[in-house]
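Rule-based calculations on the coordinates, nothing more; no lab input. Remember, predicted model here, so these are calculated numbers, not experimental data. Cβ placement follows ideal geometry from the backbone for every residue including glycine, while neighbour counts extend to all protein chains displayed.
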Ligand code: SAH
């Protein structure tokens with residue numbers, strides 16, 4: 001079984017690449033893909049670059065070119081829930097696109113005809129993530145992650161996303177990956193560690209905690225891989 005491991009930024013996959021045996025590197029569509037081994041697992045690892053289009057491209061390449069059978073996303077996110085602190089983990093039970101707006105035609109925010117508003121993560125992979133987090137007493141929450149092509153650094157926008165989608169965290173790739181997985185019938189899960197609170201200081205917090213939070217997410221990923 002080949003597992004795709006995707007991040008958005010190089011900082012998100014560096015701690016992952018450090019712990020696997022890299023076998024081959026490929027350059028496709030201006031992205032680098034690493035074929036690697038971890039214990040008896042075959043992996044393909046990449047960072048997509050930021051945003052929904054880039055994430056969708058990388059996820060598609062991992063399935064259609066490399067033949068991955070499932071996908072785990074690991075990275076950082078802005079926290080919405082008050083109780084989420086920097087470094088806390090979020091496991092998405094479902095994901096949506098908060099920046100989709102064709103409401104002029106009577107559709108709800110986030111909805112694209114012939115697709116779904118919420119994409120559900122694989123319950124089996126999520127159970128692995130949750131058990132791993134519990135077994136190590138890690139602080140984590142399960143809930144909706146809202147994705148959009150915007151770095152949110154505004155209480156107003158964050159509160160709107162919270163109210164509209166009942167989301168606990170937001171980021172810029174998860175729902176795009178989820179949409180590809182749904183279209184191709186592949187199981188996936190999205191792990192994120194909080195880097196900021198999506199408020200007025202979000203950029204400073206993000207820069208301060210990106211590497212540390214990316215490592216927390218990668219640590220949870222490896223706890224999952226141990227069980228696979
Ligand atoms: N500092 C980077 C830009 C980071 S964009 C640069 O200058 O190139 C933020 C990234 O982290 C995205 O990949 C997104 O998925 C995640 N993220 C973390 N906090 C976020 C927030 N508050 N809003 C949206 N995405 C966030």
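Sort 150-161, 8-19 by packing, meaning the average of other beta carbons within 10 Å per residue, with the highest value first.
Result, highest mean Cβ count within 10 Å first: 8-19, 150-161.
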remark   = Classified through the alpha carbon gyration tensor (a ≥ b ≥ c as square roots of its eigenvalues; rounded if a/c is under 1.5, else prolate when a/b is larger than b/c, else oblate), region 81-228 comes out oblate
request  = For region 1-57, calculate the relative contact order in percent as a whole number, restricting contacts to Cα pairs under 8 Å that are 6 or more residues apart.
outcome  = 41 percent
task = With a ≥ b ≥ c taken as the square roots of the eigenvalues of the C-alpha gyration tensor of region 149-188, please select rounded if a/c is under 1.5 and otherwise prolate if a/b is larger than b/c or oblate if it is not?
result = prolate
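Divide by every residue of the chain the summed helix terms, -39500 (n - 2.57) for each DSSP H run of at least 4, and state the resulting mean residue ellipticity at 222 nm, rounded to the nearest 500 deg cm²/dmol. All intermediate terms of the calculation are to be shown ahead of the outcome.
Values: 6 runs with 81 residues, N = 228.
Helix contribution divided over all residues of the chain: -11500 deg cm²/dmol.
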request  = Taking the Cβ of each residue in 196, 122 as the centre, tally the other Cβ atoms inside 10 Å and list the residues starting with the fewest.
outcome  = 122, 196
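If you rank 210, 41 by fewest surrounding Cβ atoms within 10 Å, what's the result?
Working: 210 18, 41 15.
So the residues, fewest neighbours to most, are 41, 210.
Quick check on region 1-70: take the gyration tensor over C-alpha atoms, sort the square-rooted eigenvalues as a ≥ b ≥ c, and tell me if it's rounded (a/c under 1.5), prolate or oblate.
Details: a/c = 1.77, a/b = 1.28, b/c = 1.39.
Cα axes put region 1-70 in the oblate bin.
Where does each of 88, 149 land when they are ranked from fewest to most other beta-carbon atoms within 10 angstrom? Walk me through the numbers on the way to the answer.
Details: 88 20, 149 15.
Sorted ascending by nearby Cβ count, the order is 149, 88.
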key: Among 53, 44, 177, residue whose mean-square fluctuation peaks in a GNM of the chain (springs only between Cα atoms under 10 Å)   = 53
query = Just 195, 213, 83 to compare: in a GNM of the chain, with alpha carbon springs under 10 Å, which one fluctuates most?
reply = 83
message = Using a Gaussian network model on the chain with a 10 Å cutoff between Cα atoms, which of 101, 199, 93 fluctuates the most?
response = 101
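When you count, for each residue, the other Cβ atoms within 10 Å and take the mean per peptide, how do 55-65, 134-144 rank with the highest first? Intermediate values should be presented prior to the final figure.
On the way: 55-65: 21.3, 134-144: 14.5.
Descending packing order for the listed peptides: 55-65, 134-144.
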request  = Working from Cα positions, state the angle (0 to 90°, nearest 10) between the long axis of helix 155-165 and the longest principal axis of the chain.
outcome  = 80 degrees
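Relative contact order for region 12-133: what is it in percent, counting Cα pairs under 8 Å that are at least 6 residues apart? It would help to have the intermediate numbers written out before the result.
Values: 117 pairs, mean separation 16.8, N = 122.
Relative contact order here is 14 percent.
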